[in-house]
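The next block holds one structure in the form of C-alpha coordinates; read it before the comments.
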Amino acid sequence: MKTRLLTLLLAVCLLPCFASGEESAYLSGSDLKSIQPQYEAFLDALADLLIEKGLLTEEVREDWTLYQLGDFLQNGGYGSIVAMYTPGLLELADESVSMCRLRLDTTAGTLTLDTLRRYSPTYSSLPGIPLDTELDDADTGEPVSCRFRWTATGGMLLIWDGDGVVAVGSTFVSDGRPLYWYEEPMEGCEETLRLEILDTAENTVMATIYLDVRSEDGCWIPGELK
(Lines give C-alpha, C1' and ligand atoms only; values in the text may rest on other atoms or scores of the structure.)
Protein backbone atom coordinates (compact mmCIF):
# COMPACT_ATOMS: atom_id res chain seq x y z
CA MET A 1 0.00 0.00 0.00
CA LYS A 2 1.34 3.35 -0.96
CA THR A 3 1.34 6.05 1.71
CA ARG A 4 0.37 9.51 0.53
CA LEU A 5 2.82 12.06 1.79
CA LEU A 6 2.97 15.81 1.34
CA THR A 7 5.59 17.88 3.10
CA LEU A 8 5.08 21.62 3.21
CA LEU A 9 8.03 23.50 4.63
CA LEU A 10 7.23 27.11 5.42
CA ALA A 11 10.01 29.23 6.86
CA VAL A 12 8.41 31.86 9.05
CA CYS A 13 11.21 34.37 8.65
CA LEU A 14 10.79 36.36 11.81
CA LEU A 15 13.74 35.37 13.93
CA PRO A 16 16.73 36.99 12.21
CA CYS A 17 15.35 40.54 12.33
CA PHE A 18 18.55 42.46 13.02
CA ALA A 19 17.77 45.27 15.41
CA SER A 20 19.80 48.39 16.01
CA GLY A 21 20.95 49.85 19.27
CA GLU A 22 20.15 47.90 22.41
CA GLU A 23 17.06 46.22 21.02
CA SER A 24 17.15 42.44 20.82
CA ALA A 25 17.62 40.84 17.43
CA TYR A 26 15.20 38.08 18.42
CA LEU A 27 11.48 37.98 18.97
CA SER A 28 10.36 37.89 22.58
CA GLY A 29 7.50 35.92 24.02
CA SER A 30 5.34 39.06 23.89
CA ASP A 31 6.14 39.52 20.19
CA LEU A 32 5.09 35.96 19.40
CA LYS A 33 1.95 36.21 21.52
CA SER A 34 0.87 39.34 19.65
CA ILE A 35 0.75 37.52 16.29
CA GLN A 36 -0.42 34.12 17.57
CA PRO A 37 -4.12 34.73 16.67
CA GLN A 38 -3.21 35.38 13.01
CA TYR A 39 -0.90 32.36 13.00
CA GLU A 40 -3.64 30.14 14.43
CA ALA A 41 -6.05 31.45 11.75
CA PHE A 42 -3.52 30.46 9.08
CA LEU A 43 -3.12 26.99 10.57
CA ASP A 44 -6.90 26.61 10.67
CA ALA A 45 -7.18 27.45 6.97
CA LEU A 46 -4.28 25.11 6.14
CA ALA A 47 -5.92 22.29 8.12
CA ASP A 48 -9.14 22.78 6.09
CA LEU A 49 -7.14 22.33 2.88
CA LEU A 50 -5.25 19.30 4.15
CA ILE A 51 -8.47 17.60 5.24
CA GLU A 52 -10.05 18.38 1.86
CA LYS A 53 -7.05 16.77 0.10
CA GLY A 54 -7.12 13.73 2.38
CA LEU A 55 -3.77 14.57 3.97
CA LEU A 56 -5.14 15.10 7.47
CA THR A 57 -8.10 13.70 9.38
CA GLU A 58 -10.57 15.72 11.44
CA GLU A 59 -9.91 13.47 14.44
CA VAL A 60 -6.30 14.67 14.78
CA ARG A 61 -6.84 18.25 13.62
CA GLU A 62 -6.43 19.84 17.06
CA ASP A 63 -3.37 17.73 17.93
CA TRP A 64 -1.76 18.70 14.62
CA THR A 65 -2.48 22.40 15.25
CA LEU A 66 -1.08 22.30 18.80
CA TYR A 67 2.09 20.60 17.56
CA GLN A 68 2.66 23.35 14.98
CA LEU A 69 1.99 26.06 17.61
CA GLY A 70 4.47 24.48 20.00
CA ASP A 71 7.15 24.39 17.32
CA PHE A 72 6.41 28.04 16.42
CA LEU A 73 6.66 29.31 20.00
CA GLN A 74 9.75 27.30 20.95
CA ASN A 75 11.70 28.26 17.85
CA GLY A 76 11.20 32.00 18.30
CA GLY A 77 8.90 32.40 15.33
CA TYR A 78 11.31 30.74 12.91
CA GLY A 79 10.50 27.17 12.03
CA SER A 80 8.67 24.93 9.62
CA ILE A 81 5.16 23.68 9.12
CA VAL A 82 5.15 20.04 8.16
CA ALA A 83 1.91 18.98 6.54
CA MET A 84 1.75 15.24 6.03
CA TYR A 85 -0.63 12.42 6.64
CA THR A 86 0.87 9.16 7.74
CA PRO A 87 -1.24 7.01 10.09
CA GLY A 88 0.08 7.32 13.64
CA LEU A 89 2.45 10.21 12.83
CA LEU A 90 1.41 12.36 15.78
CA GLU A 91 1.91 9.44 18.16
CA LEU A 92 5.60 9.56 17.24
CA ALA A 93 5.91 13.33 17.66
CA ASP A 94 8.09 14.71 20.44
CA GLU A 95 5.72 15.71 23.26
CA SER A 96 8.21 18.31 24.51
CA VAL A 97 7.49 20.28 21.33
CA SER A 98 3.70 20.00 21.20
CA MET A 99 1.41 22.39 23.02
CA CYS A 100 -1.28 21.17 25.39
CA ARG A 101 -4.59 23.02 25.58
CA LEU A 102 -6.43 22.47 28.87
CA ARG A 103 -9.99 23.68 29.52
CA LEU A 104 -12.13 23.91 32.64
CA ASP A 105 -15.63 25.30 33.22
CA THR A 106 -15.62 27.58 36.26
CA THR A 107 -18.14 29.86 37.96
CA ALA A 108 -16.46 32.78 36.15
CA GLY A 109 -16.53 31.19 32.68
CA THR A 110 -14.57 28.66 30.62
CA LEU A 111 -10.87 28.80 31.35
CA THR A 112 -8.35 27.80 28.66
CA LEU A 113 -4.70 27.19 29.51
CA ASP A 114 -2.08 26.74 26.78
CA THR A 115 1.07 25.02 27.98
CA LEU A 116 3.35 22.17 26.83
CA ARG A 117 2.65 18.44 27.02
CA ARG A 118 6.15 18.04 28.47
CA TYR A 119 8.60 20.80 29.37
CA SER A 120 12.28 19.90 29.08
CA PRO A 121 14.74 22.59 30.27
CA THR A 122 17.46 20.70 28.38
CA TYR A 123 15.83 20.81 24.96
CA SER A 124 13.31 23.68 25.13
CA SER A 125 14.22 27.27 24.27
CA LEU A 126 11.48 28.51 26.62
CA PRO A 127 12.47 29.63 30.14
CA GLY A 128 9.86 27.44 31.85
CA ILE A 129 6.42 25.88 31.56
CA PRO A 130 4.17 28.33 29.65
CA LEU A 131 1.09 29.58 31.56
CA ASP A 132 -0.97 31.27 28.84
CA THR A 133 -4.56 31.74 30.01
CA GLU A 134 -7.81 33.20 28.75
CA LEU A 135 -11.39 33.23 30.02
CA ASP A 136 -14.50 33.03 27.83
CA ASP A 137 -18.21 33.21 28.54
CA ALA A 138 -19.49 29.63 28.76
CA ASP A 139 -22.64 30.47 26.73
CA THR A 140 -21.46 32.96 24.10
CA GLY A 141 -17.77 32.12 23.85
CA GLU A 142 -16.93 35.83 24.09
CA PRO A 143 -13.84 36.85 26.12
CA VAL A 144 -14.47 37.76 29.75
CA SER A 145 -12.53 40.73 31.12
CA CYS A 146 -10.53 39.61 34.17
CA ARG A 147 -7.05 39.25 35.64
CA PHE A 148 -5.12 36.10 36.47
CA ARG A 149 -3.10 35.69 39.67
CA TRP A 150 -0.70 32.76 39.75
CA THR A 151 0.87 31.47 42.97
CA ALA A 152 3.63 28.83 43.16
CA THR A 153 4.63 27.12 46.40
CA GLY A 154 7.96 26.09 44.86
CA GLY A 155 10.10 27.22 41.97
CA MET A 156 9.86 30.65 40.37
CA LEU A 157 7.42 32.54 38.15
CA LEU A 158 9.05 34.27 35.19
CA ILE A 159 8.04 36.80 32.53
CA TRP A 160 9.66 37.07 29.11
CA ASP A 161 9.58 40.33 27.18
CA GLY A 162 11.89 42.42 25.02
CA ASP A 163 14.27 42.93 27.94
CA GLY A 164 14.75 39.21 28.50
CA VAL A 165 13.58 36.80 31.18
CA VAL A 166 12.75 38.32 34.57
CA ALA A 167 11.98 36.43 37.79
CA VAL A 168 8.86 37.86 39.47
CA GLY A 169 8.68 35.72 42.61
CA SER A 170 6.14 33.17 43.80
CA THR A 171 3.02 35.28 43.11
CA PHE A 172 2.24 37.35 40.04
CA VAL A 173 -0.83 38.99 38.53
CA SER A 174 -0.59 38.65 34.76
CA ASP A 175 -0.21 41.89 32.82
CA GLY A 176 -0.41 40.51 29.29
CA ARG A 177 3.21 39.43 29.02
CA PRO A 178 3.91 35.68 28.64
CA LEU A 179 4.24 33.99 32.04
CA TYR A 180 6.26 30.87 32.85
CA TRP A 181 7.04 28.69 35.86
CA TYR A 182 10.41 27.07 36.40
CA GLU A 183 12.01 24.73 38.89
CA GLU A 184 14.80 22.25 38.27
CA PRO A 185 13.06 18.90 37.65
CA MET A 186 13.89 16.16 40.15
CA GLU A 187 12.58 12.65 39.56
CA GLY A 188 9.28 12.06 41.36
CA CYS A 189 8.90 15.69 42.47
CA GLU A 190 5.41 17.21 42.32
CA GLU A 191 4.29 20.84 42.53
CA THR A 192 0.87 22.54 42.57
CA LEU A 193 0.31 25.95 40.99
CA ARG A 194 -2.72 27.99 42.05
CA LEU A 195 -4.58 30.26 39.67
CA GLU A 196 -7.09 32.83 40.92
CA ILE A 197 -9.36 34.61 38.46
CA LEU A 198 -9.79 38.18 39.66
CA ASP A 199 -12.38 40.81 38.86
CA THR A 200 -10.88 43.61 36.77
CA ALA A 201 -12.06 46.43 39.03
CA GLU A 202 -11.36 44.85 42.42
CA ASN A 203 -9.34 41.99 43.84
CA THR A 204 -12.46 39.87 44.20
CA VAL A 205 -11.66 36.21 43.48
CA MET A 206 -14.22 34.86 41.01
CA ALA A 207 -12.75 31.34 40.79
CA THR A 208 -9.74 29.35 42.04
CA ILE A 209 -8.10 26.65 39.92
CA TYR A 210 -5.17 24.33 40.57
CA LEU A 211 -2.65 22.82 38.17
CA ASP A 212 -0.53 19.88 39.32
CA VAL A 213 2.80 19.26 37.58
CA ARG A 214 5.08 16.28 38.08
CA SER A 215 8.70 15.61 37.20
CA GLU A 216 9.58 12.58 35.09
CA ASP A 217 12.70 11.74 33.03
CA GLY A 218 14.04 15.29 33.35
CA CYS A 219 10.77 16.90 32.22
CA TRP A 220 7.82 18.62 33.87
CA ILE A 221 4.45 17.17 32.87
CA PRO A 222 1.22 19.13 33.57
CA GLY A 223 -1.88 17.36 34.83
CA GLU A 224 -5.50 18.40 34.41
CA LEU A 225 -6.96 21.67 35.68
CA LYS A 226 -9.08 21.24 38.78
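The values are calculated or read from the model by the stated rules, or taken from the named source; none is laboratory data. These numbers come from a predicted model, not from an experiment. When we count neighbours, we look across all protein chains shown, and the Cβ atoms used for this are built from the backbone with ideal geometry, even at glycine. Each accessible area value is taken on the protein alone, full model and side chains, heavy atoms only, with ligands, DNA and RNA left out. Shrake-Rupley method; radii C 1.70, N 1.55, O 1.52, S 1.80 Å.
Summary of values
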{"quantity": "Residue-level accessible surface for Ile35, protein heavy atoms, 1.4 Å, Å²", "calculated": "60"}
{"quantity": "Residues with amide H under 5 Å from that of Leu56, placed H, sequence gap 5 or more", "calculated": "Ile51"}
{"quantity": "HN-Hα J in Hz across region 45-57 - Karplus 6.51, -1.76, 1.60, θ = phi - 60°, x for Gly and Pro", "calculated": "5, 5, 4, 4, 5, 5, 5, 4, 7, x, 9, 8, 9"}
{"quantity": "Pairs of Cα atoms farther than 18 Å apart, region 93-209, %", "calculated": "54"}
{"quantity": "Separation in nanometres of the label points that stand 7 Å from Cα toward Cβ, at Arg103 and Lys226", "calculated": "2.1"}
{"quantity": "Accessible area of Met99 in the full protein assembly, 1.4 Å probe (Å², nearest 10)", "calculated": "10"}
{"quantity": "Leading residue at positive end of dipole, region 100-226 (Cβ point charges), from Met186, Ala108, Val168", "calculated": "Met186"}
{"quantity": "Net lengthening on full extension, Leu49/Thr208 (0.36 nm per residue, minus Cα-Cα)", "calculated": "53.3 nm"}
{"quantity": "Net charge contributed by nearby residues that have their C-beta within less than 15 Å of Thr204 (K/R +1, D/E -1)", "calculated": "-1"}
{"quantity": "Distant-in-sequence amide H partners of Met206 (H built 1.01 Å from N, under 5 Å)", "calculated": "Ile197, Leu198, Asp199"}
{"quantity": "Rounded FRET efficiency, nearest 0.05, which uses the C-beta distance separating Glu40 from Ala201 and R0 of 35 Å", "calculated": "0.70"}
{"quantity": "Local net charge near Pro178, Cβ-Cβ under 9 Å (Lys/Arg +1, Asp/Glu -1)", "calculated": "0"}
{"quantity": "Rounded accessible area of Asp217 (nearest 10 Å², 1.4 Å probe)", "calculated": "110"}
